[in-house]
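The values are calculated or read from the model by the stated rules, or taken from the named source; none is laboratory data. Owing to the predicted nature of the structure, the values given are computational and were not obtained by experimental measurement. For neighbour counting, all protein chains shown are included, and Cβ atoms are generated from backbone atoms with ideal geometry for every residue, glycine included. Keep in mind that these areas ignore ligands, DNA and RNA; they rest on the heavy atoms of the full protein, side chains included. Shrake-Rupley method; radii C 1.70, N 1.55, O 1.52, S 1.80 Å.
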Amino acid sequence: LAWASGAPGALDLYAMDADGRGKRALVRGPGNDTEPAWSPDGRRLLYASTRETGSYDLWTVPAGGGEPQRLLAAPGHQRDPAWSPGGFRIAYSSTVVGNTDVWVASAAGSTPRRLTRGAAFDGRPAWSPDGLRLAFVSGRGGRAAVWSTTTAGTQARPLAEARLGAALDWGDALPGPAPLPGEALPDLDQRAAAGLVVTTGGGRYRLGFASAVDNVGTGAAWVRGTREPGAATMRADQLVALPDGSIRTYRGVGELRYTPHPPHYHWHYQPFERYELRRPSDFALLERDRKSGFCLADHYGHAASRVGGSRPPRFLGACGKGRPELRGVDQGSSVGFTDRYPAFFHGQDLDLTGVPAGVYVVVHRANPERLLHELRYDNNAASVRIRLARTSPGSVPTVTVLQVCEGSERCPPG
């Protein structure tokens with residue numbers, strides 16, 4: 001939990017565990033530090049602060065405390081920060097000369113875009129669970145109401161009356177978009193983590209593992225990225241084959257970003273897969289991966305036997321390798337192929353530093369935000385129950401696999 005406390009004009013940020021333990025001050029200093037918002041992976045706190053300038057800017061601080069860093073500064077006041085479900089973007093209210101609008105920026109505070117325009121108040125944004133829409137409070141037409149808009153700022157419409165100061169919160173995500181008749185759709189079957197091993201380096205301990213996702217559907221997981229001139233990322237659209245030979249396009253199923261790190265140097269799609277370390281007693285999220293994305297390609301035909309035989313590989317373009325200037329790129333996983341990555345391969349790990357000895361569940365999720373259209377979604381998670389042990393305080397932990405649970409995220413003892 002995080003909250004702001006103090007006298008008006010001198011608010012500080014505090015945090016504690018959900019059971020009331022571990023109370024601590026995260027941010028102290030001149031001015032107001034307020035409106036905290038946890039990042040989806042729990043590693044950072046985003047908040048609004050008047051430190052340094054006297055006007056509200058957006059700042060971040062590590063969950064364990066440390067030196068605050070200004071994320072975004074702009075004319076006027078930037079307030080009400082909200083993370084997108086995947087943690088790739090933030091939305092916030094920006095007030096300039098008395099006019100408030102909703103803006104969106106990357107999680108690094110770059111490429112801010114204004115979503116709403118007008119003389120009325122538009123603010124206090126909240127993301128939909130699928131990350132495709134934003135709700136906000138508006139005073140348009142002289143009546144306060146909740147409105148909704150796409151992340152491109154289009155299709156804005158009123159939903160219900162509300163106070164201008166209302167706090168918005170979306171409900172749980174739907175299971176996933178339902179398939180339409182005749183669509184050749186993928187079925188991403190997540191395999192449980194394999195080859196688990198712990199390494200140490202730089203004073204930190206990391207749990208590495210191999211991951212694999214089989215496509216056992218009737219069509220490819222076909223992603224096409226496109227971007228406008230000057231944009232740093234590509235918008236990812238999903239292409240779906242229809243019986244008459246035409247293609248149906250589902251827009252905005254994620255993003256592609258060029259990754260200039262060896263041995264990659266190509267365009268990564270995100271969000272495709274997510275890794276989590278959870279506590280089995282209450283399924284609390286303890287750690288999440290920091291993987292930057294995935295290059296989807298037909299390199300491993302490991303699922304061929306599951307779909308009645310092998311097919312020719314289709315996606316072998318290396319995801320635009322060595323081509324950061326590209327304005328468009330296709331990538332995907334064909335039927336019968338497996339997207340596979342080995343342990344520690346650019347983010348194939350979880351940080352165990354500070355995690356005590358005990359029993360945990362390692363969860364792997366394919367299509368974690370249900371942005372890709374699939375035939376089904378009940379096989380998108382798999383897990384492994386493990387025991388971490390240490391021979392002495394501060395020693396490198398050892399990992400023992402207790403149980404493998406294909407098709408289950410919780411891996412209950414059996």
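Structure notes:
- Qualifying residue in the range 382-401 (condition: closer than 25 Å to Y265 by Cβ and open to solvent by less than 50 Å² (accessible area, probe 1.4 Å)): no
- Conditions (1) open to solvent by 70 Å² or more (accessible area, probe 1.4 Å); (2) out of contact with any strand residue (DSSP E or B) (no Cβ under 6 Å at 6 or more places or on another chain); (3) of a type in the set (S, T, N, Q); number of the one not met by S128: (1)
- Residue selected from the range 89-113 under the condition under 16 Å from R124 (Cβ atoms) and polar (S, T, N, Q), by the criterion nearest to the chain's Cα centre (by Cα): S93
- The residue that is nearest to R327 (Cα to Cα), counting only those in the range 214-233 that are in contact with a Lys or Arg (Cβ under 7 Å, 6 or more places away or on another chain) and of a type in the set (V, I, T), is T226.
- Of everything in the range 402-413 that is open to solvent by 20 Å² or more (accessible area, probe 1.4 Å) and among the hydrophobic types (A, V, I, L, M, F, W, C), the residue that is nearest to T249 (Cα to Cα) is V404.
- Conditions (1) in contact (Cβ under 8 Å) with a residue 12 or more places away in the chain; (2) among the charged types (D, E, K, R); (3) open to solvent by 50 Å² or more (accessible area, probe 1.4 Å): number failed by K23: (1)
- Within the range 1-20, restricting attention to residues that are of a type in the set (G, A, S) and outside any loop (DSSP other than H, G, I, E, B), the residue that is surrounded by the fewest Cβ atoms within 10 Å (Cβ to Cβ) is A7.
- Selection count where residues are modelled with pLDDT of 90 or more and under 23 Å from V96 (Cα atoms), scope the range 12-51: 12
- Of the residues in the range 51-62, at least one is open to solvent by 20 Å² or more (accessible area, probe 1.4 Å), within 23 Å of the chain's Cα centre (by Cα) and farther than 23 Å from A162 by Cα.
- The set of residues in the range 153-175 being open to solvent by 70 Å² or more (accessible area, probe 1.4 Å) and either modelled with pLDDT under 85 or under 22 Å from the mean Cα position of the chain (by Cα) (or both) consists of R163, L164, A167, D169, W170, D172, L174, P175.
- The range 97-134, subset outside any strand (DSSP E or B) and hydroxyl-bearing (S, T, Y), residue nearest to P177 (Cα to Cα): S128
- Residue pairs whose Cβ atoms lie under 7 Å apart, sitting 6 or more positions apart in sequence or on different chains, and linking a residue in the range 402-414 that is aliphatic (A, V, I, L, M) and modelled with pLDDT of 85 or more to a partner that is in a loop (DSSP other than H, G, I, E, B) and surrounded by 14 or more Cβ atoms within 10 Å (Cβ to Cβ), are V404/A192.
- Close Cβ contacts (under 6 Å, 6 or more residues apart or on different chains) running from residues in the range 293-320 that are at negative phi to residues that are outside any loop (DSSP other than H, G, I, E, B) and open to solvent by 40 Å² or more (accessible area, probe 1.4 Å) comprise Y300/R340.
- Scanning the range 201-257 for residues that are farther than 19 Å from F315 by Cα and open to solvent by less than 10 Å² (accessible area, probe 1.4 Å) returns L207, G208, F209, S211.
- If the condition is being assigned to a strand (DSSP E or B) and surrounded by fewer than 16 Cβ atoms within 10 Å (Cβ to Cβ), then the range 339-358 contributes only G358.
- Test result for T226, in contact with a strand residue (DSSP E or B) (Cβ under 6 Å, 6 or more places away or on another chain) and modelled with pLDDT under 95: no
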